């Protein structure tokens, strides 16, 4: 980090404008954007960074656009993100390769860490290796409990943002909302290998689909091979491990199997598909994976996180100055319009991928009508439609500054 980070004890002495729980892409981008508006922001995460993440590491055109709009496109060039020019989709031994346009790949260790660094450079304080939980409501603040290695402290914020990820249950634990899991949902699985066959060249995304799951493979900026999959728990049990099931998907395609991939340290996630009943509470907003998740497809998960953080900023700027319930209902509506609507596409894709024969039929159609791939790619790359919110950001910022000046 570019400067020393505070201790929980030091953080407890500050009345924050915003406390953000979770330093993944959604939380870190929100911390950067809000700190840039001169708010006092505390970003908290229970992990120590940099850290690995079960993720395909893809950023589609929507995600890239969110970074560009936030003035952070240099993160991709500075860390030598790999531009993806092709995708190879395979099922039951049949495959087809089609062109990609604005897709990029960057390891989550570098991407997440660099986003946190940008937030710190903008003025945010970052507290890692710390568990955060919601406390009581006060008149103009919400308490947040910070639990470090040995002690627990309490701080407060005018607004709290819950960005605690796929397994996050911050609001559920407080009985503020309920979590709704989809039936027969897959879990995420992933591993990063130091070496791989030359077949998996840099700049090309591979996806092998089979009964009970699918596996994506992509070369990272440092030459390592990232493997990320969605797997039916029953198929993992049938094959004996995540690695053996992933190996069977590659063998079914006739693609080279990386050495020792079946015994590599695979990691899993909670169920990939689930929603929460509401994404706000008094002085509280929920963003990122914590706000609801569908099995993602080629960078969509990262796009939801980044665009959601960007769209929330104008509402937070108003909420810090003066909280009113309509800000929460506006976020609920905006999230439904701009995030959940895009998740519907991935829901359709996840249903399609459950049927390898149907995927194979789609591949045949791509071979016969190559232009279909352009339509598919354009859906992934199209920025989320929230231009009215982005335009309101400047006015919300001015509103906040005038309020601070008058107080």
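The values are calculated or read from the model by the stated rules, or taken from the named source; none is laboratory data. From a predicted model like this one, the values you see are computed outputs, not experimental measurements. In this analysis, Cβ positions are derived from the backbone assuming ideal geometry, glycine residues included, and neighbour counts consider all displayed protein chains.
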Just wondering, is there one or more residues in region 40-51 that are closer than 20 Å to residue 307 by Cα, in contact (Cβ under 8 Å) with a residue 12 or more places away in the chain, assigned to a loop (DSSP other than H, G, I, E, B) and touching a helix residue (DSSP H, G or I) at 6+ places or on another chain (Cβ under 7 Å)?
-> no
Only one of (1) assigned to a helix (DSSP H, G or I); (2) farther than 25 Å from residue 359 by Cα; (3) modelled with pLDDT of 95 or more does not apply to residue 311, and that is (3)
For region 83-117, what are the residues that are part of a helix (DSSP H, G or I) and surrounded by 22 or more Cβ atoms within 10 Å (Cβ to Cβ)?
-> 108, 111, 112, 115, 116
Mind listing whichever residues of region 134-149 are in a strand (DSSP E or B), touching a residue at least 60 places away in the same chain (Cβ under 8 Å) and either within 25 Å of residue 49 (Cα to Cα) or out of contact with any strand residue (DSSP E or B) (no Cβ under 7 Å at 6 or more places or on another chain) (or both)?
-> 134, 137, 144, 146, 147
Within the bounds of region 16-23, is there any residue that is farther than 22 Å from residue 320 by Cβ and either in contact (Cβ under 8 Å) with a residue 40 or more places away in the chain or surrounded by fewer than 24 Cβ atoms within 10 Å (Cβ to Cβ) (or both)?
-> no
Mind telling me which of the residues 69, 85, 112 ends up being touching a strand residue (DSSP E or B) at 6+ places or on another chain (Cβ under 8 Å) and touching a residue at least 12 places away in the same chain (Cβ under 8 Å)?
-> 85
Quick one: is residue 66 in contact with a helix residue (DSSP H, G or I) (Cβ under 6 Å, 6 or more places away or on another chain), within 23 Å of residue 346 (Cβ to Cβ) and surrounded by 19 or more Cβ atoms within 10 Å (Cβ to Cβ)?
-> yes
Scanning region 285-294 for residues that are buried (at least 24 other Cβ atoms within 10 Å of the Cβ) and touching a strand residue (DSSP E or B) at 6+ places or on another chain (Cβ under 8 Å), which turns out modelled with the lowest pLDDT?
-> 293
Just need a number here: residues in region 320-332 that are under 20 Å from the mean Cα position of the chain (by Cα) and without any contact (Cβ under 8 Å) to a residue 40 or more places away in the chain.
-> 0
